[in-house]
Each structure stands twice: as structure tokens, then as C-alpha cells.
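Q: Okay, handing you the structure first.
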Amino acid sequence: MLGLMQNWPLTVDKILDHARNWHGDREIVTRSVEGPVVRTTWAGVHGRAKQLSNALKGLGVKHGDRVATLAWNTGRHLEAWYAIMGMGAVCHTLNPRLFAEQLCYIVGHAEDRIIFTDLTFVPMLAENRDKMPSVEHVVVMTDREGMKGVDLPGALCFEDLVDSGAPDFEWGGFDENMAAALCYTSGTTGNPKGVLYSHRSNFLHTLVTLGVDVMGLSAKDTVLPVVPMFHANAWGLAFSCAAAGCKLVMPGQKLDGPSVHELLETEGVTFSAAVPTVWLGLLQHLRATNGKLSTLKRVVIGGSAVPEAIVRGFRDEHGVDVTHAWGMTEMSPMGTLSAPTAKVAAMSDEDQLRYKLKQGRPPLGVEMKLEDDADKRLPHDGATFGRLLVKGPAIAGGYFKGDGGNILDAEGFFDTGDVATIDGQGYMQITDRAKDVIKSGGEWISTIEIENIAVGHPTAANAAVIGAYHPKWDERPVLLVQLKPGETATRDDYLGFLEGKIAKWWTPDDVVFVDDIPLGATGKIDKKLIRDRMKDYVLPTAKVAEKA
Ligand code: ADP
């Protein structure tokens, strides 16, 4: 027997309708790519997005067509998103931090018909225009004044395009399972593959993220998504802020400590989200300038593991609460968050910290299991490492155009490629990427855990651990350290610092000081590149073992 409730397709245009209807005057503030801070409202975004849908229809865009954005977080980017998705086209977010060659591959694979771009990326597009044969139009997200410096034949002006569209457009009216957005994984795990979100998956993900133990946003919040809209949908914030009626502060292209701090203070931001490197930059800036965070209450940090020094820095120096989050593009992206359970909340601050540093618990809508290499389920004892698999309505069931083949196991779970533990309280902790974990004498060593401790050394700007060949143990850990400018330290300083904090046999066999720890396109340590750079490196212990 079927239920008798209304059929109300879960399409994302309804999220912006809601924001317009009930929070229409809440502001969207942008540090524009042109420079000045500009302001609109949810009602303003709604109206202009409808005009833009009409204009796109005029350019021949139909249901299912891919329309890309190559853009920073701005009000205009938000308008383009909702215009594209609302009319049933697919909004394909391109990551400008990828190499041009990779971008051309992705644009071609997605068969993007139109690209919306910021002024920043016009030179790159001009140079590579002939390698993007599917693209019929490039729309530059600026006004007529901004177009004066644009050297790209045939480029359209965003403001003119919006102005050309009639005000009313009937959004939605299609199946909630239709594709809404496309985002390629950043390629740290091979060729980029397209994750194709549906309206339904984005809508459900939005509802999930609103939970108090998830993003916990309210209409009173002012939110600064530093995490880019091209990095796994800005962790859903472009939807959840509209759903909750938050004021939204968009940082444009300036994500350095001083610029982020200025916006946090001048706009009264209460909530923000970013990868750890952004927060390291902010905390360093605040220390150097004796800066304050007068309104910020909560930050969500994810994308890579949060070092303890960041959680302590926010807590002890600014009274800001950190929620550690884990997720991936394939999960829309939220997977787990470290919000406290009742038992954890009753612990001392220091004991709570141990749980805050874990990646956290899954909200409703995310199923998880741990398995060994023989697909046998592993216990949730907080110690046993295993492959982490996930299942849920906002988790990929396959990649665009069938890339990668069948990605689900017999029970319908997706293998995250992460290695993790789950403890008795339900907190998951990532110990490594499956391909980064160090296998030493048949046992596994977590590179992330060592990195997190090492980066807490007062002289460290960043740290990375990789496995190096060892004739007896197969692999042994090497710690790479990038020192803060002007600092000096020795191998023994770092080994001494790790002593007692990790198992003795996890102690790196060597410490190598490097000029930089390279970061990939989504702000994560690029271990592939590090391994490449270190390919001729030989462990001192390996030489000894070989002689013996
Ligand atoms: P990719 O970089 O593989 O293209 P994503 O940007 O979606 O894809 O990154 C997802 C991966 O990032 C996760 O599988 C995990 O390895 C890593 N990650 C995300 N959040 C965290 C976190 N809080 N701690 C450790 N690793 C994380």
C-alpha cells in the first residue's frame, strides 16, 4: 500500500525559493574578483538567477546539458549555480587549481557547452580555447567595465546576459532523480572521474547537513565558506545556507589569513568552513598581529586531518569551537563529524580533544563499515584498522559515463579508499589513504597520525610522512619537515618530540628538511609528487641493513 502524502519532488530550486520567500532580505556579501565588497540578498540572487535561466534558454541550453563554472565563491557564482540547476541543466564545477591539460580533459569528458568564468581565469581559457571543442560560449562573470580588459574573442558579459533574460522562469517540474551537478574528483587517485549529483541527493544532503551535530546552521548565523564551491560543493553550504536563511559572506579569490580575517570581523561571521591550511594561515596571522576573532563561534575543518595545534589554537586563543569533518566528493561530501556524544561532552576539555581530533560520527543517511582485505567485517574497537566503506542516498553509485566500472560491493557499499578505525563511541578515525599507509614488516603505520603530531612542533610550517624502501621491513617511515621561515631544528629535535606520542616502532627512520611540502588542487599534501621527488632517496637504516 502506498502512502497518501503529497508528491513534492526534491529539486534544489525549491531551496532558493524558500530563501527568497522567508529570508529574502538576508544578505549575500562578496569580496568581488574586481576588488570592492558588493552586496545582494537571497531575493536578489533568486531574481537574477531566474533571468539567467531565461538567458541560458536563449543560448539553447536544455535539460541535462552541462554548463560549467570556473569560479571563486561569489554572489554571481551562486546565481549561475541556481540558474543552471533550476532549469534542469547540470552545473559542472571546474577546479581552477588543476593543470590546464587536466581541465581540458575534464571539459571534454563532460562535454560542457558553456563555461562561466571569473576574470582571473580568462588568460588560461584564451590560451586553451581550441582544446575545448565542446564549449560554445564563455561567459565572463563581470560587468561591461570589467569586459574592457578581456582578451577572449566571442566572450559574453555576465551582467549583460542577466539583463537580457526575462524575469520569470518556471524552475523544477522534473523528476527529482535528474542530474543537478557534476564534480570531478581531484585526481589524487588516478584520472579524474565525474561524480554526478542528482537534485534528490543534493536536497537530502542539505537536510542532513542542517542537523545540529552536522553543520548546525541557523537563521541567526553569518557564514563564510572559505571552502570553494568547486571543492565538493563547498561542503553543501551554497544549499544549506539558503535553506537555513543564513547571511552568506563570499571571499572571492582572497583566501589568505589577513583577507579572511578582515571579512570575518567586518561582516560579523559566526561560522566558517575550510581546509586546515587556510586555518593555519589565519592563526599565524592572528598571532603576528595580535588579532581577535570577536564574532566567530564555530569552524568546520575537513578535507585533510586537523592537526591538534589548530584545535588548541582556536580553543585556547579565541574560544572558537572546532568540528572536524571527513568526507569526499563522492559523498556530496559530508561523511562524518566530530560533534560530541553525551558521554564525550561530559569529559574534561583535554579528554574531549582526543575525540575532536578523530574524523567523527556519521549522521543519519551515511552507513559505514570497516573491512579487511578479504572483505571480512572488522570490530569497532578503536584499534583495528581497515578499509572504510560507505552507503547512502547522497553517495555515488557510479561515475559519469561509467568510468571505473562497478564501484559498489555486493552489499551496495562504496570503498572510500581510506583506512580507518571506529571506536566504541562510534567515532571513525582515518589512519591513512589506502595507497599512503606504510606497510612495515606486515603491520600498518599511519602517516597521518605522525604528521599531525610533527606539525605541532613549534618550528614546523608543515610536515609529511612517506614510506621508503627498507630491505628488511619492506617500508619504513621518513618524516619530511618544512620549517617556518627563520627557524632551525635538527633530526633529533623532531624524533625527541615524537617520543612517547607514538608507538616506538612507528618512529621515522629519518627526518628530512625540505623547502616545501607540495599541496594538491584541493589543499591536501600531494604525496604522489613527494614520492616522485624522493625517488632517489635511500634510508640511512636501509644502507646499514643492506651491509649487515
Ligand atoms: P580527492 O582528493 O581524492 O579527489 P576529495 O577532495 O573528495 O577527493 O577528498 C576525499 C578524501 O580526502 C578522503 O577520502 C580522505 O582521504 C581525505 N579527507 C577528507 N577529509 C579528511 C579528514 N578530515 N581527515 C583525513 N582525511 C580527510
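The values are calculated or read from the model by the stated rules, or taken from the named source; none is laboratory data. All values reported here derive from a predicted model rather than from experimental measurement. Positions of Cβ are backbone-derived with ideal geometry, glycine not excepted, and every protein chain shown enters the neighbour counts.
Q: Do we have any residue at all in the stretch 395-404 that's surrounded by 18 or more Cβ atoms within 10 Å (Cβ to Cβ), under 26 Å from Pro340 (Cβ atoms) and within 11 Å of the ligand (Cβ to nearest atom)?
A: Among the residues of the stretch 395-404, not one is surrounded by 18 or more Cβ atoms within 10 Å (Cβ to Cβ), under 26 Å from Pro340 (Cβ atoms) and within 11 Å of the ligand (Cβ to nearest atom), which makes the answer no.
Q: Among the residues of the stretch 313-328, is there at least one that is touching a Pro at 6+ places or on another chain (Cβ under 7 Å) and among the β-branched types (Val, Ile, Thr)? Full working, then the answer.
A: To start, the set of residues in the stretch 313-328 that are touching a Pro at 6+ places or on another chain (Cβ under 7 Å) comprises 327.
Restricting the remaining residues to those that are among the β-branched types (Val, Ile, Thr) gives none.
No, that holds for no residue.
Q: Test of understanding: among Val122, Val138, Val107, Val61, which residue is of a type in the set (Val, Ile, Thr), surrounded by 16 or more Cβ atoms within 10 Å (Cβ to Cβ) and closer than 16 Å to Ala179 by Cα?
A: Every option except Val61 fails the conditions.
Q: Moving on to the next point. Look through Val260, Val306 and report the one residue that is buried (at least 21 other Cβ atoms within 10 Å of the Cβ), β-branched (Val, Ile, Thr), over 25 Å from Ile453 (Cβ atoms) and in contact with a His (Cβ under 9 Å, 6 or more places away or on another chain).
A: Details: Val306 fails: over 25 Å from Ile453 (Cβ atoms).
The conditions single out Val260.
Q: Restrict the check to the stretch 284-301 and report whether at least one residue is closer than 21 Å to Thr93 by Cα and small (Gly, Ala, Ser).
A: No, because not a single residue in the stretch 284-301 is closer than 21 Å to Thr93 by Cα and small (Gly, Ala, Ser).
Q: Moving on to the next point. Take the residues in the stretch 478-500 that are surrounded by 10 or more Cβ atoms within 10 Å (Cβ to Cβ) and of a type in the set (Val, Ile, Thr); name whichever of them is nearest to the chain's Cα centre (by Cα).
A: Step by step, filter the stretch 478-500, then rank; the result is Val481.
Q: If you scan the stretch 514-528, which residues turn out to be away from the ligand (no atom under 16 Å from the Cβ) and surrounded by 15 or more Cβ atoms within 10 Å (Cβ to Cβ)?
A: Val514
Q: Exactly one condition in (1) in a helix (DSSP H, G or I); (2) in contact (Cβ under 8 Å) with a residue 12 or more places away in the chain is not met by Glu262; state its number.
A: For Glu262, the exception is condition (2).
Q: What do you reckon, is Arg66 within 29 Å of Leu103 (Cβ to Cβ) and touching a helix residue (DSSP H, G or I) at 6+ places or on another chain (Cβ under 7 Å)? Give the derivation first.
A: On the way: within 29 Å of Leu103 (Cβ to Cβ): yes; touching a helix residue (DSSP H, G or I) at 6+ places or on another chain (Cβ under 7 Å): yes.
Yes: the conditions hold for Arg66.
Q: Here are some residues: Gly441, Gly404, Gly456, Gly467. Which one is within 22 Å of Val311 (Cβ to Cβ) and not aliphatic (A, V, I, L, M)?
A: On the way: Gly441 fails: within 22 Å of Val311 (Cβ to Cβ); Gly404 fails: within 22 Å of Val311 (Cβ to Cβ); Gly467 fails: within 22 Å of Val311 (Cβ to Cβ).
The unique qualifying residue is Gly456.
Q: Would you tally the residues in the stretch 1-13 being surrounded by fewer than 18 Cβ atoms within 10 Å (Cβ to Cβ) and of a type outside the set (Phe, Trp, Tyr)?
A: We begin by selecting, within the stretch 1-13, every residue surrounded by fewer than 18 Cβ atoms within 10 Å (Cβ to Cβ); these are 1-9.
Narrowing the set further to residues that are of a type outside the set (Phe, Trp, Tyr) leaves 1-7, 9.
The qualifying residues number 8.
Q: Right, next: Name the helices (runs of 4 or more DSSP H) wholly within the stretch 472-548 that hold at least 3 residues that are at pLDDT 95 or above?
A: Details: elements: 491-498, 527-533, 540-547.
In the stretch 472-548, 491-498 are the helices (runs of 4 or more DSSP H) which contain 3 or more residues that are at pLDDT 95 or above.
Q: Name the residues in the stretch 348-367 that are surrounded by 14 or more Cβ atoms within 10 Å (Cβ to Cβ) and more than 11 Å from Tyr427 (Cα to Cα), would you?
A: Matches in the stretch 348-367: Gln352, Leu353, Pro363, Gly365, Val366, Glu367.
Q: Kindly list, by first and then second residue, each pair from a residue in the stretch 415-433 that is farther than 17 Å from Asp213 by Cβ and among the acidic types (Asp, Glu) to a residue that is in a strand (DSSP E or B) and modelled with pLDDT of 95 or more, limited to pairs with Cβ atoms under 7 Å and residues at least 6 apart or on different chains.
A: Asp415/Leu389; Asp418/Leu388
Q: Would you confirm whether any residue within the stretch 175-191 is closer than 23 Å to Ser332 by Cα, at pLDDT 95 or above, loosely packed, with under 15 Cβ neighbours inside 10 Å and more than 20 Å from the chain's Cα centre (by Cα)?
A: Within the stretch 175-191, one or more residues are closer than 23 Å to Ser332 by Cα, at pLDDT 95 or above, loosely packed, with under 15 Cβ neighbours inside 10 Å and more than 20 Å from the chain's Cα centre (by Cα).
Q: Whether any residue in the stretch 114-135 is within 23 Å of Gln253 (Cα to Cα), in a helix (DSSP H, G or I) and basic (Lys, Arg) is what I want to check. Spell out the reasoning first.
A: So the first thing to find is which residues in the stretch 114-135 are within 23 Å of Gln253 (Cα to Cα), and the list is 114-129.
Adding the requirement that they be in a helix (DSSP H, G or I) leaves 119-129.
The next check asks that each one be basic (Lys, Arg); those that pass are 129.
For the stretch 114-135, residues within 23 Å of Gln253 (Cα to Cα), in a helix (DSSP H, G or I) and basic (Lys, Arg): present.
Q: How many of the residues making up the stretch 418-476 are within 14 Å of the ligand (Cβ to nearest atom), surrounded by fewer than 18 Cβ atoms within 10 Å (Cβ to Cβ) and hydroxyl-bearing (Ser, Thr, Tyr)?
A: Residues that pass the stated criteria total 0.
Q: Quick one: is His324 in contact (Cβ under 8 Å) with a residue 12 or more places away in the chain and within 12 Å of the ligand (Cβ to nearest atom)? Don't jump to the end; show me each part of the working.
A: Numbers: in contact (Cβ under 8 Å) with a residue 12 or more places away in the chain: yes; within 12 Å of the ligand (Cβ to nearest atom): yes.
Considered against the rule, which asks whether it is in contact (Cβ under 8 Å) with a residue 12 or more places away in the chain and within 12 Å of the ligand (Cβ to nearest atom), His324 comes out as yes.
Q: Filtering the stretch 503-512 down to residues that are exposed (fewer than 15 other Cβ atoms within 10 Å of the Cβ) and of a type outside the set (D, E, K, R), which residue is farthest from the ligand (Cβ to nearest atom)? Working first, answer last.
A: Applying the first criterion (exposed (fewer than 15 other Cβ atoms within 10 Å of the Cβ)) to the stretch 503-512 yields 503-505.
Narrowing the set further to residues that are of a type outside the set (D, E, K, R) leaves 503, 505.
Working: Ala503: 20, Trp505: 23 Å.
The residue in question is Trp505.
Q: Just the residues that are hydrophobic (A, V, I, L, M, F, W, C) and near the ligand (Cβ under 10 Å from one of its atoms), please, taken from the stretch 335-364.
A: Matches in the stretch 335-364: Leu337, Leu357.
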